[in-house]
1. Counting only residues that are more than 7 Å from chain A (Cβ to nearest Cβ) and either of a type in the set (A, V, I, L, M) or touching a strand residue (DSSP E or B) at 6+ places or on another chain (Cβ under 9 Å) (or both), how many does the range B:85-97 have?
2. Across the range A:49-77, what is the total count of residues that are open to solvent by less than 20 Å² (accessible area, probe 1.4 Å) and more than 12 Å from chain B (Cβ to nearest Cβ)?
3. Within the range B:73-92, work out how many residues are open to solvent by less than 10 Å² (accessible area, probe 1.4 Å) and touching a residue at least 12 places away in the same chain (Cβ under 8 Å).
4. With respect to the numbered conditions (1) among the polar types (S, T, N, Q); (2) over 17 Å from the mean Cα position of the chain (by Cα); (3) within 13 Å of another protein chain (Cβ to nearest Cβ), which one is the sole condition not fulfilled by residue A:43?
5. Select from the range B:1-53 the residues that are open to solvent by less than 10 Å² (accessible area, probe 1.4 Å), among the acidic types (Asp, Glu) and more than 14 Å from chain A (Cβ to nearest Cβ) and list them in ascending order.
6. Looking at residue B:44 and the list (1) touching a His at 6+ places or on another chain (Cβ under 7 Å); (2) over 30 Å from residue B:81 (Cβ atoms), which single condition is not satisfied?
7. I'd like to verify a number: residues in the range B:192-205 that are modelled with pLDDT under 85 and either under 13 Å from the mean Cα position of the chain (by Cα) or not in a helix (DSSP H, G or I) (or both), how many?
8. Read through the list (1) in contact with a Gly (Cβ under 8 Å, 6 or more places away or on another chain); (2) surrounded by fewer than 23 Cβ atoms within 10 Å (Cβ to Cβ); (3) touching a residue at least 24 places away in the same chain (Cβ under 8 Å); (4) more than 7 Å from chain B (Cβ to nearest Cβ), then give the number of the only condition that residue A:85 fails.
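The values are calculated or read from the model by the stated rules, or taken from the named source; none is laboratory data. Keep in mind that this is a model prediction, so the values were computed, not measured. Glycine gets a Cβ as well: all are built from the backbone with ideal geometry, and neighbour counts include every protein chain shown. Remember, those area values only see protein heavy atoms, side chains included, never the ligands or the DNA or RNA. Shrake-Rupley method; radii C 1.70, N 1.55, O 1.52, S 1.80 Å.
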Amino acid sequence: MIVSTENLSKEYDGIYRVNDLDIQINEGDIYGFLGPNGAGKSTTMKMLLGLVKPSKGSIEIMGKSFNEKNRQEILKSVGSLIESPSYYGHLTGGENMEIIRRLLGLPRKNIEEAVHIVRMEKQMNKKVKNYSLGMKQRLGIAMALARRPKLLVLDEPTNGLDPAGIEEMRELVKTLPTKYGMTVMISSHILSEVDQMATVVGIINHGELIFQENMSVLDAQRQPYIILRTSDNNLSCQILRNMNPLRTGDGLQLGALSDEQTGKAVQNLCANDIAVYRVEEHRESLEDIFLNLTGKEMTL
Amino acid sequence: MKYLWLELYKLKHRKVFLTFLVILGVELLFVFSNYGNNKNFLNMVSDPAAPAWEDLIIGPAAINGLFFPILAAVIASRICDMEHKGNTWKLLECNNQNRKTIWFCKFTIVSTLMMLAIFIQAFTIIAYGNSVGIVQTLPVRTLLGFVLGTAMITFVVVTIQVFFSLVCTNQLVPMSIGMVGALIGFISTLLPPGIRNILIWGNYAELMVLGQDTSSGNLQSSGLVVRNINFIPLVILFVVGLVAYVVFRKRFEKYEY
């Protein structure tokens, strides 16, 4: 287990912004940490990095109890990018990386490798204040990667990025566990983003962890269903009543059917002179599951 | 030491030293450009009994109350502002640096520059006095008293400036504090001793080693008298400054950005 928390809580002004969180992250996971704005994602991540002191509960990182005494030691193996990227705008990208190198006492080849991973080699002589937001994010990730961390904590790293930047970031994160043996914890309020890269998902709402499972468990909950549009939807419902159809606005919805069952249903309708206009397979989206889990309170 | 060098590295392209030299240069120019036209001073130069050196010392002593709060505010702000602008607090803390070392490095750099300013002033006094040929023996104790007294007051001023520059994202706040300090420092010679001692920046007026005899609340004569620096309020201020240093550092260590 790379990260394990027990009853992790943070209280501000008498209100628990994070309440009794039991997070479990295994080695090699890409842990998607989801939740609406203000759910407590950033506070949780800050507690994991020792930037915010928990009101109660405990944290274990890489098998060691995380406290003030061994914080610096543990953080040598933890890279992070919290909220907006941090940088010295008056310095060049290379000078910013040099600060990290000196802070951590790293060899130069670590810096070169980190810069190469985020493909920023050509931007190192440019002052960071002249970077685009995407470039600043990539520089932030390079800073986090420079120490070759075992755990990478990324808080909303795609904030403010254009679609190409988001895609690039996603591909980068996906390669980190396989190529570099890292475990990644990534927070986001954009569900589709996490859907495409996470192997494990944790959902936080109002400071409480309401779901934490492998993506496969979540996938299993997303049962596919068939939508049919025909020339006579009411009659179709009667003909296919043994499949428990559900009448929808302009068609009928059937449950999860195999290819043979779908073929038989269409054949049956055609045999009764009903024209089948459309056969579509739908799958419950992550958004749908979220809305169910969060009592449809989530702002997406 | 590693963190201190790193702090200096971060100051690349910030032109901190240039800013320091410009402000100090303006002050020294402002102070020493007047002595050449001052007949009283020129008369004292060739008189071994006249307090010509003391007259030179009160030049920077009188004007430090105006310039030093501004100088400390500008330097502290330039050194701390880069952390606010780049949101680098979390970056530093996640990369092996704790609040204690951040405070130490920033404070050390601002203090060192301010100490350098005091030494440059002392050196300029000696160099200028020698260049015009003052025949009076250099009053080393008085000059050292001026250096020590200025350093003690400046320590407190730097503590205040560094703290507010570190905790205030909007640098107008520490700059305004510096401006208010400069105003107090500038008018402090007009304030009664008790009042100016309470106002931190007003203590620069205690370093006026030459003045007129105003004992018993009235002007006793038009002649100049040499005064010893009253170190009691300065020591009290310095002790309060030491307490403030510890309190402010602890506040900064717990401050959440």
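1. Taking the range B:85-97 first, the residues more than 7 Å from chain A (Cβ to nearest Cβ) are B:89, B:92.
Then keep just the ones that are either of a type in the set (A, V, I, L, M) or touching a strand residue (DSSP E or B) at 6+ places or on another chain (Cβ under 9 Å) (or both); that gives B:92.
Within the range B:85-97, residues that are more than 7 Å from chain A (Cβ to nearest Cβ) and either of a type in the set (A, V, I, L, M) or touching a strand residue (DSSP E or B) at 6+ places or on another chain (Cβ under 9 Å) (or both) number 1.
2. Within the range A:49-77, the first condition is being open to solvent by less than 20 Å² (accessible area, probe 1.4 Å), and the residues that meet it are A:49, A:52, A:59, A:61, A:71, A:74-75.
Filter again for more than 12 Å from chain B (Cβ to nearest Cβ), leaving A:59, A:61.
Counting residues in the range A:49-77 that are open to solvent by less than 20 Å² (accessible area, probe 1.4 Å) and more than 12 Å from chain B (Cβ to nearest Cβ) gives 2.
3. The first filter runs over the range B:73-92 and keeps only residues open to solvent by less than 10 Å² (accessible area, probe 1.4 Å), leaving B:73, B:75-76, B:79-80, B:82-83, B:86, B:88-89, B:92.
Keeping just the survivors that are touching a residue at least 12 places away in the same chain (Cβ under 8 Å) gives B:73, B:75-76, B:79-80, B:82-83, B:89.
Count: 8.
4. It fails just one condition, (2).
5. B:27
6. Only one criterion is unmet by residue B:44, namely (1).
7. Residues meeting the conditions: 1.
8. (2)
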